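Laboratory data are not the source of any read-out in this text; all were calculated from the coordinates shown. Since this is a predicted model, take the numbers as computed values, not measurements. FYI the Cβ positions are ideal-geometry reconstructions off the backbone, even for glycines, and counts take in every protein chain you see.
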Amino acid sequence: MTDGDTRIGIEVLGASLYGARVEYGTGRPEVTVLTTIETGEAAEHQLLQGGRVAVSVADDRVIVKPLSLSANSGDIMTRARFEMSQSALEDENRFLFDIIPTAIENRFVGLMLRRELLDREPGWLRGEEHMPALAAPRYRMRAAALAEGYLGFCRQTGGDFVCLADFTGRSVSMALIYRGKTVDLIGIPVGGGELSSTEDCRTVAAELKTLLSYKKASLFQSGITTPMSRMVALGENFGQSLKTALENQFSIEVTTPAVNTGFFKAGVDPGDVPAERYLVALGLTAN
């Protein structure tokens with residue numbers, strides 16, 4: 001197997017990296033490494049020894065824009081770049097662009113990231129000479145990678161319309177998924193981050209209910225009339241109190257992701273870290 005078949009996903013959280021190394025050369029992805037390391041240890045770690053690297057970008061650094069683009073009127077990516085850069089009223093060369101097809105015909109989720117924001121990243125992430133695997137990394141919004149990890153590496157249950165929510169750090173990364181495809185991406189701050197009291201959990205659940213009601217109204221106009229069937233939640237700040245608050249607000253079942261370990265190479269063990277904790281890293285390897 002060559003390095004061209006190897007993809008590496010790195011989620012950056014403070015001084016820690018959550019990494020996944022996946023081989024795609026056999027027709028079915030095979031997860032060969034899941035690991036958590038400190039940034040200072042990355043250079044010598046097997047995770048980064050050859051392969052194509054993708055790195056997560058915090059949701060609040062990415063501009064999300066719904067796009068209506070007909071597949072019959074020219075190159076989709078070229079037109080998406082034009083429409084997104086026009087809305088920003090700036091030179092398109094200042095941005096990195098990405099688009100995600102949705103379950104709605106001619107509708108895409110457009111993503112814009114300012115290149116200048118990447119210059120603020122620590123040196124190890126900009127591809128220092130001692131780490132050639134990071135010389136030209138790709139970047140993707142955390143919520144987008146989360147959705148890819150869920151769709152690609154988890155068992156799909158819960159109906160046609162699912163809300164995926166990751167409560168990690170001081171924000172919530174969310175993806176609305178309809179019939180197996182992402183239809184919207186959301187990243188919002190959550191107070192002080194840690195949801196330590198019942199009242200905190202109730203407040204956050206109420207805020208999410210208001211936000212998602214607005215998002216669902218917008219999707220309704222695009223033809224998605226199906227009620228939300230389930231919320232799939234995870235993250236270091238997700239616990240029983242938050243689960244109860246979310247179920248009370250949304251009146252639907254709230255579950256955790258069911259990672260399909262059939263993708264794992266024999267001997268791969270995430271250790272004390274729950275396997276779903278690596279969904280962002282796994283999703284970064286998806287394309």
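On a full-extension model of 0.36 nm per residue, what is the gain between residue 39 and residue 93, subtracting their alpha-carbon distance, rounded to one decimal in nm?
Roughly 16.5 nm would be gained on extension.
Going by C-beta contacts inside 10 Å, put 23, 105, 207 in order with the fewest on the left.
Ranked by crowding around the Cβ, least crowded first: 105, 207, 23.
For the chain, go through all pairs of different Cα atoms, get the mean of 1/r, take its inverse, and jot down that Kirkwood value in Å.
This gives a value of 19.7 Å.
Can you find, among 69, 17, 146, the residue sitting farthest towards the positive end of the charge dipole of the chain, where Lys and Arg contribute +1 and Asp and Glu -1 at Cβ?
It is 69, whose Cα lies furthest towards the positive end.
Cut-off under 18 Å on the C-alpha distance; same-chain residues fewer than 8 positions from residue 243 excluded. Which lysines are left, in chain and number order?
209
Could you tell me which of 220, 196, 167 has its Cα farthest along the dipole of the range 158-255 towards the positive end, charges placed at Cβ (Lys, Arg +1; Asp, Glu -1), taken about the Cα centre?
Looking along the dipole axis, the top candidate is 220.
Let me spell out the model: positive unit charges on the Cβ of Lys and Arg, negative unit charges on the Cβ of Asp and Glu, origin at the Cα centre of the chain. What dipole size does that give, in debye rounded to 20?
Using Cβ point charges on Lys, Arg, Asp and Glu, the chain gives about 840 debye.
With runs of 4+ DSSP H residues as the only contributors, calculate the mean residue ellipticity of the chain at 222 nm using -39,500 (n - 2.57) per run, divided by the residue total and rounded to the nearest 500.
Rounded to the nearest 500, it is -7500 deg cm²/dmol.
Using only Cα atoms, what is the ratio of the radius of gyration of the range 158-255 to 2.2 N^0.38 Å?
1.02
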